[in-house]
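A quick write-up on the structure given underneath.
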Amino acid sequence: MSAVDWLVLVASLVGIVGYGLLRSRGEWSVHAYVSAGKQMRWWVIGLSIMATQASAITFIGTTSQGFADGLRFVQFYFGLPVAMVLISAYAAPAFHRSGVRTAYEYLERRFDAKTRTLASWVFLLQRGLGVGLALYAPAVVLSVILHVPEWPTILGMVVLVSAYTVLGGIRAVMWADTLQMAVMLAGIVIAFGCALVGLPDGVSFRDALFVAGTAGKLNAVETGFDWNSRYTLWSGLIGGTFLALAYFGTDQSQVQRYLTAKSLNDSRVSLLFNATVKVPLQFFILLTGVLVFSFFVFEPPPLLFHPAERMRIAQEEPAAMARLEDRFAAALSERREAATKLLESRGSAETEAFGASERRLGEVREEAVALVERDSGPGSYSDTNYIFLTFVLSALPPGLIGLIIAGVFAAAMSTISSELNSLATVTVVDHYARYVRPAAGERNTRKALHWATLGWSAYAAAFATFGGRLGSLIEAVNLVGSLFYGPMLGVFVLAFGVRRVSSEGAFWGTALGLASVWGAKLLIPGLAFLWLNPLGCIATVVAALAISGAAGGNPSSPATTPTMEPR
């Protein structure tokens, strides 16, 4: 990057951190640290919810997913608006009436302490893994730019984010999220515009979409039903709804956001804001990736997008790599010529010729990938996460590169800080204050929150070192969540809406739900991960009802059972 890019990047990061700390000044109580004094307005909460989910994985993974697989991934979000409406009608009122600080504290009031403990441990495990993936994404960025190993960048990022998270608590995190979201959106819009401007003279936006559509990149909706297909209309509407209900309705990183609201109405509006905006935003990000694909039809991409691996193979196998580079250049020229003819006539013969050139290009690339994997084994190499970064560094002018990279870091910081804060809150509220030091005062509790934040930072950094082995980041983070979310949703469904279930039923139902998800993952390898969410939820509810029924019901008393009437 140029000096201008570095100036833009550093100024953006300093501005974001400073803004968050400035808005949180003078707030030193534990209540302010974990709940922002319940003074946040709907638009801050809404942007914070969106920024927490829209991590650097969104920048790097979703755009690259659009390049590699087209618009199909948007189906993953089709269930989100449905989930947001249900959460605003039922979950948000229940949490607000109860006055809890964590989602899992609610389970003890409804069932018992062991159910709360189990659910909170599940959250700590899966969210700790998730924040590790969020840390890995910006490490990809700096490893490409600086040509350094990923672990120093992981360490640097976690130190920066944990510092302002420790100092400012949830208020600093949420106010920083609002500025981070603005930088993220600016980055995506700029990337889209640069991809469009970078197309050759005479190639319009409509032409670029036609080329991408011919390559199968515009198939946004697939109506066929297939258990093994990750992204279809049905997996998105059914599996996606269950996943969104679990993530936004039971995950502390999201629940904590709308527990900071001044009123229930602010919580609801923030959720409905996300229901309205999220799907169009994800579509636009994927469309940016599709446009990058069309850009690289006319501008030569590298044979391998991972620069370190490309350099390594060129040094270890110079003759083989040179032959592949020559064949790849010839295939690129053939594909560009086929695309030009396709835009001139748009006939079936030109369509077939373009498809054939695309396949030949893929064959050369597969040979290069096989060369990389010769020692490590098939399936060990993936450069999907480097596609968008390659475009940014090769196509954008100085200054804008720095802003795009700032957008990636803003996205990473919003997610990492939010998740570290929620992990620390659950650790202290659900475990330290519940079992270790129930009588801890304000000073000791806040100190415990600081140490918990630092501890989870170290855990996340350790897991982040495995990020490169998980393929597409956007798929990996949702796969990790889907291994846990279904049973978590199931136990909260029981808490919110099923009176005749015992505490034993809730606890063992959750445990059996988790076992069913992991069993399905191991025994049915081809099962798309979105289906694990309804499976885990249904298994948990059925098992809990069966166990409660066998024990004679033992329902909670009406005085402690929450009502389900939306307000």
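The values are calculated or read from the model by the stated rules, or taken from the named source; none is laboratory data. Computed from a predicted model, the values in this text were never measured in an experiment. Quick reminder, even Gly has a Cβ in these numbers, built from the backbone with ideal geometry, and neighbours come from all protein chains shown. Quick note on the areas: whole protein, heavy atoms, side chains included, nothing else; ligands and nucleic acids left out. Shrake-Rupley method; radii C 1.70, N 1.55, O 1.52, S 1.80 Å.
The table that follows gives values for the structure above.
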{"quantity": "Residue match in the range 248-258 (condition: of a type outside the set (Gly, Ala, Ser) and open to solvent by 10 Å² or more (accessible area, probe 1.4 Å))", "calculated": "no"}
{"quantity": "Residue match in the range 88-109 (condition: over 22 Å from PHE529 (Cα atoms), among the charged types (D, E, K, R) and open to solvent by less than 10 Å² (accessible area, probe 1.4 Å))", "calculated": "no"}
{"quantity": "Set ARG359, ARG434: member being open to solvent by 30 Å² or more (accessible area, probe 1.4 Å), in contact with a Lys or Arg (Cβ under 9 Å, 6 or more places away or on another chain) and of a type outside the set (Ser, Thr, Tyr)", "calculated": "ARG434"}
{"quantity": "Any pair with Cβ under 6 angstrom, 6 or more apart, that starts in the range 115-126 at a residue that is closer than 16 Å to SER502 by Cβ and ends at one that is of a type outside the set (Ser, Thr, Tyr) and open to solvent by 10 Å² or more (accessible area, probe 1.4 Å)", "calculated": "THR115/PHE507; ARG116/GLU108"}
{"quantity": "Residue match in the range 283-296 (condition: over 21 Å from GLY187 (Cβ atoms) and open to solvent by less than 50 Å² (accessible area, probe 1.4 Å))", "calculated": "no"}
{"quantity": "Single residue of the range 259-282 satisfying the filter (under 21 Å from PHE73 (Cβ atoms) and in contact (Cβ under 8 Å) with a residue 12 or more places away in the chain) that is surrounded by the fewest Cβ atoms within 10 Å (Cβ to Cβ)", "calculated": "THR276"}
{"quantity": "Options ALA368, ALA330; residue that is farther than 26 Å from GLY61 by Cα and either at pLDDT 90 or above or in a helix (DSSP H, G or I) (or both)", "calculated": "ALA330"}
{"quantity": "Subset of the range 1-52 (residues that are at negative phi, basic (Lys, Arg) and modelled with pLDDT of 80 or more)", "calculated": "ARG41"}
{"quantity": "Top-ranked residue in the range 79-101 [being part of a loop (DSSP other than H, G, I, E, B) and touching a helix residue (DSSP H, G or I) at 6+ places or on another chain (Cβ under 8 Å); ranked as farthest from ALA261 (Cα to Cα)]", "calculated": "GLY79"}
{"quantity": "The range 209-247 - residue that is of a type in the set (Phe, Trp, Tyr) and surrounded by fewer than 21 Cβ atoms within 10 Å (Cβ to Cβ) and, of those, nearest to VAL100 (Cα to Cα)", "calculated": "TRP234"}
{"quantity": "Residue in the range 109-119 that is in a helix (DSSP H, G or I), within 22 Å of the chain's Cα centre (by Cα) and on the phi < 0 side of the Ramachandran plot present", "calculated": "yes"}
